[in-house]
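Everything on this sheet refers to the single structure shown next.
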Amino acid sequence: MKGPWFIETLARNGDVLHRHRVDSLPIRIGRGYDNDYILDDAYAAAHHALVEAGEDGSLLLRDLGTRNGVVHAGKRSERLPLSGNTVVRLGHTTLRIRAADFPVPPEVRDRTMHGWEGALPGLAGTVLIALVALFTMWLADTQAYRPFRYLLALAYGLGAGLVWSGLWALGNRLFGRHARLGRHLFIFGSGVAALMLFRLVSSAVGYAWSIEVFTRYGSHVAIALVAGMVYFHLTTVKPEPRRRHALVCAALALLGSGLVLISNEQRNGRLADELYMSVLLPPEMRATPDASVDDFMADVAAMKERLERERLDENGG
């Protein structure tokens, strides 16, 4: 057999931690310094195993009578033929031996780059953040117009976007080699724009048709949107595995919704965020007819009778 051969130390997940080149057979493996490959493993013998050529010309691993032996696929082996994919454990060390001509798979397509990143999405995200900040200030502004307040809201919005996106970009730089600040800015800008759009649409629809579920449980939709933002941030840092990212974000959304429900119950004695719809819009936006005063008073009278009966029942009357 022609060398050289490479002895690979593997991590538990199969990643190669270290490669050592050996040019000739046999290959002596053990903890002693006279071996061709030294194991820094207290559970390995001084002379643990020997790799030699078998009768058919293939590699053969032989245990040298050690206490902990050679383990392959969960079973101890005295003699074991080696292919390039055979993984063995000597002591607490996992090894694999491959020849220099072992075929490797073709290069994997680079999926760390995304379809839209760089300065353009960063600019688009910054514009979205600025528009949301200014529009939010315009909705909440009940005083005389003062440009300073709008500039302050713009500064706060852009600052929050840069801090949020910068933290994700730092994680991207540490775990994905590239910062991709522009893409993270776009994700944040799209997320806050989606939150604002949901707030406007839910308020208009809820007011028009008296759909109070938007007022009572709208925070859970906001939590789901934030979880979606986190998902896209995670897939930017590490495109794979997307399914695991989705499961993590779904779990975070469920946890956040559960905490909101518990908090509402502890503070107000109810699960809903608000007891009644607090959004007031122009009457022209109402799509359902308003209840008359007589209908309202009839409902009040019926409620009064029911409460009186409950009071009498509690007092034993």
### Task
Starting from residues that are part of a loop (DSSP other than H, G, I, E, B) and of a type outside the set (F, W, Y), keep the ones in the stretch 131-158 and report whichever is modelled with the lowest pLDDT.
T142
### Message
Restricting to the stretch 130-170, name every residue that is over 22 Å from V237 (Cβ atoms) and among the β-branched types (V, I, T).
### Response
V132, T136, T142
## Note on the structure
Residue count, the stretch 3-30, condition part of a loop (DSSP other than H, G, I, E, B) and either touching a residue at least 24 places away in the same chain (Cβ under 8 Å) or under 38 Å from the mean Cα position of the chain (by Cα) (or both), comes to 9
### Message
Among the residues of the stretch 173-198, what is the count of those that are at pLDDT below 90 and part of a helix (DSSP H, G or I)?
### Response
4
### Task
Evaluate the following for V226: is it assigned to a helix (DSSP H, G or I) and crowded, with 17+ Cβ neighbours inside 10 Å?
yes
### Message
I need a count of the residues in the stretch 113-160 that are closer than 30 Å to L281 by Cα and free of Cβ contacts under 8 Å to residues at least 60 places away in the same chain.
### Response
26
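Conditions (1) in contact with a Phe, Trp or Tyr (Cβ under 8 Å, 6 or more places away or on another chain); (2) assigned by TED's automatic domain parsing to the domain that holds L195; (3) surrounded by 12 or more Cβ atoms within 10 Å (Cβ to Cβ); (4) small (G, A, S), marked per residue:
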| site | (1), (2), (3), (4) |
| --- | --- |
| V230 | no, yes, yes, no |
| H245 | yes, yes, yes, no |
| A251 | no, yes, no, yes |
| V293 | no, no, no, no |
| V300 | no, no, no, no |
| R311 | no, no, no, no |
| E314 | no, no, no, no |
### Query
So which residues in the stretch 31-57 are touching a residue at least 40 places away in the same chain (Cβ under 8 Å), of a type in the set (G, A, S) and within 20 Å of F6 (Cα to Cα)?
A44, A49, A53, G57
### Query
Applying the selection to the stretch 37-88, what residues are of a type in the set (D, E) and under 40 Å from the mean Cα position of the chain (by Cα)?
D40, D41
### Close pairs from the stretch 171-193: first in contact (Cβ under 8 Å) with a residue 60 or more places away in the chain and more than 13 Å from H233 (Cβ to Cβ), partner of a type in the set (V, I, T) and assigned to a helix (DSSP H, G or I), Cβ under 6 Å, at least 6 apart
V192/V132; A193/V132
### Query
Looking at the stretch 232-271, which of the residues that are part of a loop (DSSP other than H, G, I, E, B) and in contact with a helix residue (DSSP H, G or I) (Cβ under 9 Å, 6 or more places away or on another chain) is nearest to G176 (Cα to Cα)?
K238
### Task
Within the stretch 114-171, track down each residue that is out of contact with any Gly (no Cβ under 8 Å at 6 or more places or on another chain), among the charged types (D, E, K, R) and surrounded by 13 or more Cβ atoms within 10 Å (Cβ to Cβ).
D141, R149
### Message
If a residue must be in a loop (DSSP other than H, G, I, E, B), under 14 Å from W209 (Cβ atoms) and in contact (Cβ under 8 Å) with a residue 60 or more places away in the chain, how many such residues does the stretch 275-294 contain?
### Response
6
### Query
Tally time: how many residues in the stretch 208-261 are in contact with a Lys or Arg (Cβ under 7 Å, 6 or more places away or on another chain) and of a type in the set (S, T, N, Q)?
2
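The values are calculated or read from the model by the stated rules, or taken from the named source; none is laboratory data. A quick note: this is a predicted structure, and the numbers were derived from the prediction, not measured. Positions of Cβ are backbone-derived with ideal geometry, glycine not excepted, and every protein chain shown enters the neighbour counts.
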